[in-house]
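Reading through the structure tokens given below for one structure.
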Amino acid sequence: VSSDASGRILVSDLSNHCVKVMDSDYNLQLKIGSQGSRAGQLQYPCGVAVDHQGNFIVVDHGNSRVLMFDSSGNFVKTIVTRDQGLVKPADVAVLPNGKIVLTDMKGGAVYILHS
């Protein structure tokens with residue numbers, strides 16, 4: 001769960017393979033992603049954060065990667081994948097300096113990335 005600068009609430013929906021964006025009255029405004037492994041698709045998302053530019057950083061647990069979407073829900077890029085050593089990503093946060101912190105359930109690893 002996270003929130004953006006405009007007060008919208010972001011919730012990773014593990015069972016529906018998406019991130020839901022709601023307004024402050026909990027009305028659904030946006031659904032990001034669909035089940036799959038292609039660019040912009042998600043498989044068991046389990047963490048979400050917002051960077052300093054307002055982009056949504058999403059942990060795609062089932063595909064062992066972390067993705068970036070813009071504030072309208074459009075896929076921007078893949079930040080990190082299994083190829084870079086990520087095994088079972090679990091959560092994400094953005095530090096005040098803009099760096100992205102990831103936790104990995106496999107081996108208890110913590111990664112700090114530049115955004």
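Counting only residues that are closer than 12 Å to Ala49 by Cβ and hydroxyl-bearing (Ser, Thr, Tyr), region 61-115 holds 2 of them.
May I ask you to verify whether His61 is in contact (Cβ under 8 Å) with a residue 60 or more places away in the chain and either under 18 Å from Val87 (Cα atoms) or more than 13 Å from the chain's Cα centre (by Cα) (or both)? When the stated conditions are applied, His61 does not pass them.
Residues are listed down the side, and each one gets a yes or a no for (1) crowded, with 16+ Cβ neighbours inside 10 Å; (2) at pLDDT below 95:
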site	(1), (2)
Arg38	no, no
Val50	yes, no
Ile57	yes, no
Gly62	yes, no
Ser72	no, no
Lys77	no, no
Gln84	no, yes
Val87	no, yes
His114	no, yes
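When Ser64 is tested against (1) closer than 14 Å to Arg38 by Cα; (2) out of contact with any Leu (no Cβ under 6 Å at 6 or more places or on another chain), exactly one condition is not met: (2).
The values are calculated or read from the model by the stated rules, or taken from the named source; none is laboratory data. Please read all numbers here as calculations on a predicted model, not as lab measurements. Every residue, glycine as well, gets a Cβ built from its backbone with ideal geometry; the counts of neighbours run over all protein chains shown.
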